[in-house]
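The values are calculated or read from the model by the stated rules, or taken from the named source; none is laboratory data. Since the model is a prediction, treat every value here as computed from it, not as a measurement. Backbone-built Cβ (ideal geometry, glycine too); neighbour counts: all protein chains shown.
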Amino acid sequence: MRQFLLAGLLTGLVAGAIPAPGRATEFVPHQALYALTMMSARQGSGIATVSGEMHADWTEDCDGWVFNHQFALDVAYTTGSAGRITSNVTTWESRNGTEYHFNVRNLTDDQVIEAIEGMARLADGKKGIAVFEQPEAKRIDLPRGTMFPIAHTELLLKLTEKAPTIIARPVFDGLSEDGAFEINAVIGPAIAPSKATTGAQATLADRRSWSVQMAFFPIGSSDAQPYHEIGLRLYDNGVADDFVIRFAEFSVRARLREIEYYKRPVCTAQ
């Protein structure tokens, strides 16, 4: 199962800061914890229940973003057996969106079943390349117009000002050997502000937000059915909550449980 981990889509907000109308959105270094619960399972999949959690940590420096992510799902089957699916990811993306490094470890019941490591570069207006060191040394081309995860999310945030709207872009995240995926994103009309008064959702009260639906297609695929889909609520400060990840066998929902913010670095012009 390919673990697309929403890098760049769970970005945080400045606690207590309410932006003025028209203020540009921006990423804020932070860490966030999400609770995962099963919404549905495909008939005949043999899956009874799914639960887990997801931890995401963004550390900013003057050159780019370091993203550390842990994703764990406990799966119980109708046969009575159970197992744990875990993914540990570390990525670095340059501020100008042209360089990207990735290190992925996917585990089943604490046994590493997949290790992916490498880097990618994009050239302005040209095709990019991804160079893998693991699981085997190889190089693949990235199509013209490819974006990395945070740059793609920054684009989505900008386009919320034009909602409703649709945008399609190839995105490379390095979380599998599949290369870039074509992501078709539909940004819906603005949603009424949240009224939550407790928990992490309380920090989102009175903020603008939009429904975003994303479908992932292999590059060059003629299949009308996406590889998988993600739906979420994207706030004007970049935080995402109440999103649904649809895999082939089951769907899970993630809700923000905790969030903590870091200070931004003081950077001088080069």
### Query
Going through region 215-246 one residue at a time, which ones are among the hydrophobic types (A, V, I, L, M, F, W, C), surrounded by fewer than 19 Cβ atoms within 10 Å (Cβ to Cβ) and under 19 Å from Ala41 (Cα atoms)?
Val244
### Query
Is it true that Gln3 is under 15 Å from Arg257 (Cβ atoms), modelled with pLDDT under 90 and not small (Gly, Ala, Ser)?
no
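Got at least one residue in region 180-195 being over 27 Å from Ile129 (Cα atoms), surrounded by 20 or more Cβ atoms within 10 Å (Cβ to Cβ) and not basic (Lys, Arg)?
Within region 180-195, one or more residues are over 27 Å from Ile129 (Cα atoms), surrounded by 20 or more Cβ atoms within 10 Å (Cβ to Cβ) and not basic (Lys, Arg).
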### Query
Yes or no: Arg139 under 21 Å from Glu182 (Cβ atoms) and loosely packed, with under 13 Cβ neighbours inside 10 Å?
yes
### Message
Take residues that are touching a Pro at 6+ places or on another chain (Cβ under 7 Å) and at pLDDT 90 or above and tell me which of the strands (runs of 3 or more DSSP E) falling wholly in region 158-270 contain 2 or more.
### Response
165-171, 181-191, 209-218
### Query
So is Ile167 over 25 Å from Ser45 (Cα atoms), in contact with a Ser or Thr (Cβ under 8 Å, 6 or more places away or on another chain) and surrounded by 13 or more Cβ atoms within 10 Å (Cβ to Cβ) or not?
no
### Task
Give region 204-221 a look and list any residue that's out of contact with any strand residue (DSSP E or B) (no Cβ under 7 Å at 6 or more places or on another chain) and touching a residue at least 40 places away in the same chain (Cβ under 8 Å), or say none.
Asp206
### Residue satisfying all of: in region 66-115; outside any strand (DSSP E or B), among the hydroxyl-bearing types (Ser, Thr, Tyr) and in contact (Cβ under 8 Å) with a residue 12 or more places away in the chain; surrounded by the fewest Cβ atoms within 10 Å (Cβ to Cβ) among these
Thr79
